[in-house]
Amino acid sequence: MSDIRHSLQKYFGYNAFRPGQEQAIKTLLDGRSSAAIFPTGSGKSLIYQLAAMHLPHLTLVVSPLLALISDQLEAMEGQGIPAARIDSTLSHQQVMGIREDVRQGKTKVLMVSVERFKNETFRRFLSGIEVSMLVVDEAHCISEWGHNFRPDYLKLPEYRTAFNISQVLLLTATATPRVIEDMCRRFGILKDDVVLTGFYRKNLHLSVLPVAETTKKAALAELLSPTKEESTIVYVTLQKTAEEVAAYLREAGLVAAAYHAGMNHADREAIQNGFMFGQIPVIVATIAFGMGIDKPDIRHVVHYDLPKSIEGYSQEIGRAGRDGMTSHCTLLGNLDGVNVLENFVYGDTPERISIQKLLESIQRADKHWEVQFARLSNSVNVRQLPLKTMLVYLEMDGVIKPLYSYFASYRFKQVMETEQILARFKGERQIFLKAIFDFSEKARTWTTIDFDNIVANYNTDRQRIVAALDYLNEQGLIQLETKQMTEVYEVLESGFDIEKVTDVVYERFALKEKAEVKRINDMLAFFSSDRCLAASLSNYFGETIDWEQCGHCSVCLKGPARLEKTIPLQVLSNATVDEHLVGLRASVPAEKRSPVIETRFLCGIHTPFFSSVKASSIPGYGALENYRFAEVINLLY
């Protein structure tokens, strides 16, 4: 391991490994796969980055978020590790340059999102490359029992086999024993090659502070005012809450800013930089903030709203105190937001009729089934994420197989006159480009490509037309715009039993729904426990500890917290429910309604169908949003 320690000093400037790093790297360099389950901020990325410099071929890293890819790539560039990424922000020319560097061995680490594997061109490129190791970041996403399941991750073991990748490294900070077993089973990783360093961090002081919803902003300001210059993240559930709380804190004399996915990129980047360099001490954010944030001196993480799960809580508090200094993690707790968390879950479970409609669409198709996700989502009334999950289930069950994707609509705006563009080319290339211009639909500003008309009048194909448009766009001769991404699947078995497959798919979603609701209840039990919070958290993730009290959490210091509902609600009745459904029942025929749809309407849970009928403008929409889904639907059956 002397060469490895030399590389540790050379690339990272460290003289010693953190716990678990050396064991995981040695396993990889011995030729076996490994899984590293380390707390947030404890150096998981270093494992693959250092191992990659000692493996003979490419290390391919799959990550769920572009932000994570960007942050890790920037870090590797600073450390002198030859790395690159391929994603949708790059031009065709840039991608071609990166591919060439990979082929020549100049790039040791290539980072992609899991969705990149859907790209047929990328898969063809990868089939000609020797890959030493596949790294799966946030590997818990592969498990349906994990807190952040992503259906595309399920196909990674197949891709590993298809591209003959001998070794795999799984990385995660938040995996229960069941999830660890699940993800290792899928990749054939031996139990002895799982490195689990433990979740307890003695510098994190965990507290649950029961607070009424009406006094929560004041309680937050009081909590933060004595240390208002210290770096703090306040986590909230909704974007509008982030704006409201940040404004309140500013009025209370703190320097605070909101951060959420609804803001434009420039504003988010400016706020993140302000936080990283200490100009904005307090960030009030949705969980869009934090992934990839490596600020060592975050002294406070406050959960203004309930987190989504114990796993989410662990990941979010893990951003505090990475410098090893004492940091405080506080939950301002009550039960008023439980309905919001549960309603996110119930909004994602498709109805049987929706699954059946999708299966009928597949049966009606010939050999090939073409899908535009937004359009399909609207037609079967299933949100896009669970819709993608459903398609992955059907893939794994051998009903369909993804072939390729394409943009259905291409249009361009000319930067210079047609004659000037054509004058840059000669011979057949000039004639070919002239056919594209002549046989497309011209409007005042934009020209829409008519592929069928071009092909009918010139001996070419769609692929060459698209390549020409990409080239003209890269050269700055036209401004190209693409729309309507279309996924093409092969129908492997059109004669399947619709009722049977519907039952199988629905049961999967029902089990997942049940597991997610249990996850919420487990979290509530954790925050109300009479046991040391640090000990309970460690046990949840399967860590064996030889102590019962940390001595500095709120349970150890003050005893258990009692979380209560602080906003009084009227007792629900059938009459109340019927009263709020008058508008929907008058606007939507009975055959298009169901107890599930009516409950989602009352709870304000958005679905594609509600967009089509403008449900938010119908009286009664969201009238019972403060109630739990299960309470409401029980009155409709």
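General remarks:
- Share, in percent, of DSSP beta bridges within the chain that are antiparallel, nearest 5: 30 percent
- Residues 562, 186, 531 in ascending order of nearby Cβ atoms (within 10 Å, fewest first): 562, 531, 186.
- Dipole of the stretch 406-489 computed with +1 at Lys/Arg Cβ and -1 at Asp/Glu Cβ about the Cα centre; of 430, 448, 484, farthest Cα towards the positive end is 430.
- Given their separation in residues at 0.36 nm each and the Cα-Cα distance between them, residue 352 and residue 119 gain 80.8 nm when the chain is fully extended.
- Its DSSP H runs of at least 4 residues, each contributing -39,500 (n - 2.57), put the calculated 222 nm mean residue ellipticity of the chain at -12500 deg cm²/dmol, to the nearest 500.
- Protection proxy ranking, peptides 629-635, 486-492, average beta carbon neighbours within 10 Å, highest first: 629-635, 486-492
- Translational diffusion of the stretch 574-633, estimated by Stokes-Einstein from the Kirkwood radius over alpha carbon pairs at 4 °C in a medium of 1.567 mPa s, is 115 µm² per second.
- Amide H contacts under 5 Å for residue 302: 233, 234, 235, 330, restricted to partners 5 or more places along the chain or on a different chain, H placed in the peptide plane at 1.01 Å from N.
- Residue exposure sequence - 471, 153 - by fewest surrounding Cβ within 10 Å: 471, 153
- Rounded to the nearest 20, the size of the Cβ-charge dipole of the stretch 406-489 about its Cα centre is 180 debye, with Lys and Arg at +1 and Asp and Glu at -1.
- Net charge, residue 451 excluded, C-beta distance under 10 Å - Lys, Arg +1, Asp, Glu -1: -2
- Only one residue of 234, 281, 612 has its Cα farthest out toward the positive end of the dipole of the chain, where Lys and Arg carry +1 and Asp and Glu -1 on Cβ, and that residue is 281.
- Diffusion coefficient, µm² s⁻¹, Stokes-Einstein with Kirkwood Rh over alpha-carbon pairs of the stretch 2-196 at 25 °C and 0.890 mPa s: 146 µm²/s
- Selected from 535, 356, 372, residue furthest toward positive end of dipole (the chain; charges at beta carbon): 372
- Cβ-derived FRET efficiency at R0 56 Å, residue 104 paired with residue 443, nearest 0.05: 0.80
- With neighbours defined as other Cβ atoms within 10 Å of a residue's Cβ, the residues 462, 444 order from fewest to most as 444, 462.
- The chain - Debye-derived log10 I(q)/I(0), Cα point model, q = 0.06 Å⁻¹: -0.39
- Peptides 297-303, 398-404 ordered by packing proxy, namely the average of other Cβ atoms within 10 Å per residue, highest first: 297-303, 398-404.
- Residues of the stretch 86-107 with amide N under 15 Å of the 7 Å Cα→Cβ point at residue 159: 86-88
- Size of the stretch 513-583 from its Cα atoms: along the principal axes, largest to smallest, the extents are 59, 29, 14 Å.
- Among 201-210, 272-281, sorting by the average number of other beta carbon atoms lying within 10 angstrom of each residue, highest first, gives 201-210, 272-281.
- In a simple Cβ point-charge model (Lys, Arg +1; Asp, Glu -1; nothing else charged), the stretch 2-196 has a dipole of about 220 debye relative to its Cα centre.
- In nm, spacing of pseudo-spin labels at residue 96 and residue 524 (7 Å Cα→C-beta vector): 5.8 nm
- By definition, a body whose alpha carbon gyration tensor gives a ≥ b ≥ c is prolate when a/c is 1.5 or more and a/b is larger than b/c, and the stretch 361-476 fits this prolate description.
- Lys, Arg +1 and Asp, Glu -1 on Cβ, resulting dipole of the stretch 574-633 about Cα centre, debye, nearest 20: 200 debye
- Potential lengthening of the chain between residue 251 and residue 504 amounts to 85.7 nm, from the contour at 0.36 nm per residue minus the alpha-carbon distance.
Every number in this text was worked out from the coordinates using simple rules, so none of it is lab data. Keep in mind that what you see is a predicted model, and the values were worked out from it rather than measured. We place every Cβ from the backbone using ideal geometry, glycine too, and count neighbours over all the protein chains shown.
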